[in-house]
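The values are calculated or read from the model by the stated rules, or taken from the named source; none is laboratory data. Only a predicted model underlies this, so the values are computations on that prediction, with no experimental measurement involved. Neighbour counts are summed over all protein chains in view; Cβ atoms, including those assigned to glycine, are modelled from backbone coordinates with ideal geometry. Surface accessibility is based on the protein's heavy atoms, side chains included, excluding ligands, DNA and RNA. Shrake-Rupley method; radii C 1.70, N 1.55, O 1.52, S 1.80 Å.
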Amino acid sequence: MNRPAGNLLRSFLRRSFSTAENIDGNLQSSKVQIFDRDLKRKQRDRAAWLLNRKDSLVNTVADNLVDRLEDVKKTFPSALCLGGSLEAIRRSVSGRGGIEKLIMMDSSYDMVKLCKDAEKDLSSDGIETSFLVGDEEFLPIKESSVDLVISCLGLHWTNDLPGAMIQSRLALKPDGLFLAAIFGGETLKELRIACTIAHMEREGGVSPRISPLAQVRDAGNLLTRAGFTLPGVDVDEYQVRYNSALELIEHLRAMGETNALVNRIKFLKRDTALATAAVYESMFAAEDGTIPATFQVIYMTGWREHESQQKAKRRGSATVSFKDIQKEFGGQTP
């Protein structure tokens with residue numbers, strides 16, 4: 001059942017909150033501006049028209065993320081799905097996690113409309129779905145209002161990733177679950193190399209063409225810094241093959257994953273673009289002529305604190321020493 005407005009949605013909403021200082025009553029950007037959020041919104045508007053529902057990469061990541069609900073015994077009656085692969089997540093959560101009410105939020109009006117139009121094909125699964133245009137950096141969700149927050153391939157475009165994760169934690173009820181998938185630093189490593197070489201050859205220097213991404217070693221720290229308990233991080237790498245570098249760029253556009261850096265050079269010279277494609281093919285092409293692109297996905301899980309959760313014992317409270325364990329099991333001291 002579709003409810004873009006009404007009592008359900010109003011019960012979840014309140015004023016936007018942000019980790020930035022000096023909000024002054026209006027939505028303001030984070031202090032550190034890495035990404036152009038307005039440009040990213042426009043790119044996602046375009047992606048809504050280019051989206052391929054059979055995109056194997058997007059669907060695989062969404063399924064792998066939602067699969068984590070199968071590892072948890074509890075149910076999550078109310079859930080919030082943040083921007084990124086919204087439509088794929090909506091299909092994946094059907095019949096999983098005991099979800100009864102779902103809010104789907106994206107900064108792109110066109111993406112939200114796309115998901116709303118697709119809802120008629122899923123209305124039989126019994127999930128009461130609402131739709132909201134909003135920004136992950138200023139989450140317009142009431143504190144302690146949802147049992148589950150899911151973000152699939154969207155948070156890596158926020159200027160304040162720890163702040164966005166803190167807001168997600170605050171939106172959760174105690175013992176609520178946070179699930180997120182973001183692209184990691186090894187993503188598009190082949191394209192990064194080709195771009196660097198081509199720019200050095202044609203322009204005598206390097207300009208930012210691909211956004212900076214979080215490293216695997218940072219993910220656990222991000223969860224801890226955001227205040228999540230029982231943090232978990234794991235990584236998958238997917239390799240997608242394309243007929244040409246142009247086909248790769250078209251796929252990135254359809255996912256809304258093209259360059260949105262504030263300090264980007266807005267126009268790419270034709271000879272630099274051709275040189276990038278030539279370098280890419282010469283360095284990475286397979287025997288069949290296709291070129292690979294690596295997508296590293298970092299999966300993160302965390303919980304909002306609750307008294308029922310496991311807690312680490314106080315330091316020094318152990319009653320058995322490692323020496324005793326070694327003696328009992330016949331271990332040798334190195």
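Determine, yes or no, whether Ala293 is assigned to a helix (DSSP H, G or I), of a type outside the set (D, E, K, R), out of contact with any Cys (no Cβ under 8 Å at 6 or more places or on another chain) and surrounded by 14 or more Cβ atoms within 10 Å (Cβ to Cβ). Answer is no for this residue.
Which one is most open to solvent (accessible area, probe 1.4 Å) among residues in the range 59-74 that are modelled with pLDDT of 95 or more and either over 19 Å from Ile182 (Cα atoms) or β-branched (Val, Ile, Thr) (or both)? Among those that are modelled with pLDDT of 95 or more and either over 19 Å from Ile182 (Cα atoms) or β-branched (Val, Ile, Thr) (or both), it is Thr60.
Is it the case, given these coordinates, that Met283 is touching a residue at least 40 places away in the same chain (Cβ under 8 Å), of a type outside the set (Gly, Ala, Ser) and either more than 30 Å from Gly227 (Cβ to Cβ) or open to solvent by 20 Å² or more (accessible area, probe 1.4 Å) (or both)?
Numbers: touching a residue at least 40 places away in the same chain (Cβ under 8 Å): yes; of a type outside the set (Gly, Ala, Ser): yes; either more than 30 Å from Gly227 (Cβ to Cβ) or open to solvent by 20 Å² or more (accessible area, probe 1.4 Å) (or both): yes.
In short, yes.
Only one entry in Ile166, Ile103, Ile99 is touching a helix residue (DSSP H, G or I) at 6+ places or on another chain (Cβ under 7 Å) and either of a type in the set (Lys, Arg) or touching a residue at least 40 places away in the same chain (Cβ under 8 Å) (or both), namely Ile103. Among strands (runs of 3 or more DSSP E) entirely within the range 85-178, having at least 2 residues that are out of contact with any His (no Cβ under 7 Å at 6 or more places or on another chain) and surrounded by fewer than 18 Cβ atoms within 10 Å (Cβ to Cβ) singles out 128-133.
Per-residue answers, yes or no, for (1) out of contact with any Phe, Trp or Tyr (no Cβ under 7 Å at 6 or more places or on another chain); (2) at negative phi; (3) at pLDDT 95 or above:
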| residue | (1), (2), (3) |
| --- | --- |
| Leu161 | yes, yes, no |
| Met165 | yes, yes, yes |
| Leu177 | no, yes, yes |
| Phe183 | no, yes, yes |
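So which pairs qualify, if the first residue must be in the range 63-81 and touching a residue at least 12 places away in the same chain (Cβ under 8 Å), the second must be open to solvent by 40 Å² or more (accessible area, probe 1.4 Å) and assigned to a strand (DSSP E or B), the Cβ gap must be under 7 Å, and the two must be at least 6 apart or on different chains? From residues that are touching a residue at least 12 places away in the same chain (Cβ under 8 Å), the pairs are Asn64/Asp236; Pro77/Lys101; Ser78/Lys101.
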